[in-house]
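Below you'll find the structure, written out as structure tokens, and then a few comments.
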Amino acid sequence: MLKTTISPIFSSFTGKPKTSRLIFQAFKVVLQDTSPSARRNASTNLTTLHQGPPTSAYVHLPFCRKRCHYCDFPILALGSSSSSARPSNVYEEGKEDDPRITNYVNLLVREIKATRTDFDTNPNLETVFFGGGTPSLVPPKLVSLILETLRLNFGLSPDVEISMEMDPGTFGAQKLKELMKLGVNRVSLGVQAFQDELLKACGRAHGVSQVYEAIEFVKESGVENWSMDLISSLPHQTLEMWEESLRLAIESQPNHVSVYDLQVEQGTKFGNLYTPGQSPLPSETLSAEFYKTASSMLRGAGYEHYEVSSYSKDGFKCKHNLIYWKNKPFYAFGLGSASYVGGLRFSRPRKLKEYTNYVTDLENGAANWCGNGNVDLKDVATDIVMLSFRTSKGLELKEFGEAFGSEVVSSICKVYEPYVESGHIVCLDDMRREVMSDDFKTLVANDEVKIEDHVRYLKLKDPDGFLLSNELISLAFGVVAP
């Protein structure tokens, strides 16, 4: 379940362990009215990007064998006695399914069928992402029912990317092959660590032996596109342990690696036991070292660091997650999931009873899940800044200036001038060649020059700029929505 802690947009996203307290932490910023220049110069280029019909869908399957100690996601813990929760469970035709899973999937299908849009055209879905929870606990025949419902209601592109989060110990080679026959063509494997003591400490339901078993299942089944999740800053985790996990991940040869820094949340077991930055959790200095080490080792192994937490081999970026980073609309279905359609970010209830009532209201036409495209420009502008700085591409100044005004671009550049000089922010021209800090300083000082005509992109330096992202993005917020 893709989830980070950025406000206002990422608090509604759904994903694995939350992004670092160092990297893209929640911004408790009170945003007032958008600046006059932003309102006056708003164009249809960026501000209407959200108004088109979605081509992506997130589907939340909330089942887990047990709740991990760091997890505050909306999940349904099945317990180890459930037939679907047995290690390396292989679905067999006629085998009794857990009624909790069956009932939920039927409810989910009702939501999909009741979701109607008023777009003039409805293009086929190009990405579908099954997140959780642990979606690999769901029997293939129920996954098939969901995909068929999506196909009938929205259509599926012939080359649709269908991703599924899977945990070691919840699937075998046969079950994975059945899922692949249904169209699942991308696997996100929730490894998290290669040390049994760390997995046990954070309440994971699998051990290292099951990690290696799952990797073999993925390779044996012929999955060509698969990702591995790792978590840093776990209790008692040392730099040596982290380096070992990264090395073993690289040796496993996934096409994609997602690296998350542990975020301790109130209400979780970790939230009750630990204080961030205090032993046995790593200090912020050590957490920063974990991040730098991941960047160095993964890039050294040929992975592109294309997003703050994401690394991929050439041609294997997660197409679904790119929809989020590009601020494009997407559907979402299921408990606690959040969609972005018609300019509205809408979160479904996190409790099953309330979610059931929501689906009934949706069927009766009493629930408004889709916006009308009339959004506050300050939200669009701040979303674009946050999303852009998550990526290696960075903030595209020319488009941003066309949408919100050259004055806003100029003000952003002025507050960033010291960080360009320090090397935390990199300036690039339209050919993505670096603009030197002295040249940037000259442009900023000249009020007669449109900076975006000479500097096309601002991006955070990897890794040092990413580690200052909280401060840097909050500075931009002060300009966009003072």
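The values are calculated or read from the model by the stated rules, or taken from the named source; none is laboratory data. Just so you know, these numbers come straight off a predicted model, no measurement behind them. Here the Cβ is made from the backbone with ideal geometry for all residues, glycine too, and neighbour counts use every protein chain on show. Surface areas here come from the heavy atoms of the whole protein model, side chains and all, with no ligands, DNA or RNA. Shrake-Rupley method; radii C 1.70, N 1.55, O 1.52, S 1.80 Å.
Summary of computed values
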item: Residue tally, condition open to solvent by less than 50 Å² (accessible area, probe 1.4 Å) and under 27 Å from the mean Cα position of the chain (by Cα), over the stretch 398-408; result: 4
item: Residue within the stretch 263-286 that is touching a strand residue (DSSP E or B) at 6+ places or on another chain (Cβ under 7 Å) and either open to solvent by less than 10 Å² (accessible area, probe 1.4 Å) or in a loop (DSSP other than H, G, I, E, B) (or both) present; result: no
item: Residue count for the stretch 399-408, restricted to those that are part of a helix (DSSP H, G or I) and either at pLDDT 95 or above or more than 14 Å from ARG456 (Cα to Cα) (or both); result: 4
item: Test: LYS351 is in contact with a Gly (Cβ under 9 Å, 6 or more places away or on another chain) and either in contact (Cβ under 8 Å) with a residue 60 or more places away in the chain or open to solvent by less than 10 Å² (accessible area, probe 1.4 Å) (or both); result: yes
item: Odd one out for SER233 among (1) farther than 19 Å from HIS206 by Cβ; (2) hydroxyl-bearing (Ser, Thr, Tyr); (3) out of contact with any helix residue (DSSP H, G or I) (no Cβ under 8 Å at 6 or more places or on another chain); (4) open to solvent by less than 20 Å² (accessible area, probe 1.4 Å); result: (3)
item: Close pairs from the stretch 224-239: first more than 18 Å from GLU304 (Cα to Cα), partner part of a strand (DSSP E or B) and not acidic (Asp, Glu), Cβ under 6 Å, at least 6 apart; result: ILE231/GLN192; ILE231/TYR260
item: VAL449 vs. criteria touching a helix residue (DSSP H, G or I) at 6+ places or on another chain (Cβ under 9 Å), free of Cβ contacts under 8 Å to residues at least 60 places away in the same chain, of a type in the set (A, V, I, L, M, F, W, C) and open to solvent by 20 Å² or more (accessible area, probe 1.4 Å); result: yes
item: Among residues of the stretch 140-156, those that are in contact with a Leu (Cβ under 8 Å, 6 or more places away or on another chain) and either open to solvent by 20 Å² or more (accessible area, probe 1.4 Å) or farther than 13 Å from VAL184 by Cα (or both), counted; result: 5
item: Residue list for the stretch 317-331, restricted to those being touching a helix residue (DSSP H, G or I) at 6+ places or on another chain (Cβ under 9 Å) and not basic (Lys, Arg); result: TYR324, TRP325, ASN327, PRO329, PHE330, TYR331
item: Among (1) part of a loop (DSSP other than H, G, I, E, B); (2) of a type in the set (S, T, N, Q); (3) buried (at least 16 other Cβ atoms within 10 Å of the Cβ), the one test that ASN368 misses; result: (3)
item: Qualifying residues in the stretch 418-435 (those that are in contact (Cβ under 8 Å) with a residue 12 or more places away in the chain and in a helix (DSSP H, G or I)) - the one surrounded by the most Cβ atoms within 10 Å (Cβ to Cβ); result: VAL420
item: Filter pass, VAL359 being modelled with pLDDT of 95 or more and among the aliphatic types (A, V, I, L, M); result: yes
item: Residues being part of a strand (DSSP E or B) and open to solvent by 20 Å² or more (accessible area, probe 1.4 Å) - total across the stretch 452-465; result: 2
item: Any chance GLU396 is among the charged types (D, E, K, R), over 28 Å from SER337 (Cβ atoms), touching a helix residue (DSSP H, G or I) at 6+ places or on another chain (Cβ under 8 Å) and at pLDDT below 95; result: no
item: Extreme residue, farthest from VAL420 (Cα to Cα), among residues of the stretch 466-482 that are of a type outside the set (A, V, I, L, M, F, W, C), surrounded by fewer than 20 Cβ atoms within 10 Å (Cβ to Cβ) and touching a residue at least 24 places away in the same chain (Cβ under 8 Å); result: PRO482
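A quick yes/no check of all residues on (1) at pLDDT 90 or above; (2) exposed (fewer than 13 other Cβ atoms within 10 Å of the Cβ):
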| position | (1), (2) |
| --- | --- |
| SER84 | no, no |
| PRO87 | no, no |
| VAL90 | no, no |
| ASP98 | yes, no |
| THR102 | yes, no |
| LEU108 | yes, no |
| ARG116 | no, yes |
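A quick yes/no check of all residues on (1) farther than 20 Å from PHE63 by Cβ; (2) assigned to a strand (DSSP E or B); (3) open to solvent by 10 Å² or more (accessible area, probe 1.4 Å); (4) without any contact (Cβ under 8 Å) to a residue 24 or more places away in the chain:
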site	(1), (2), (3), (4)
VAL160	yes, yes, yes, no
THR170	no, no, no, no
LYS175	no, no, no, no
GLU178	no, no, yes, no
VAL191	no, yes, no, no
ALA205	no, no, yes, no
PHE217	no, no, yes, no
LEU248	yes, no, yes, no
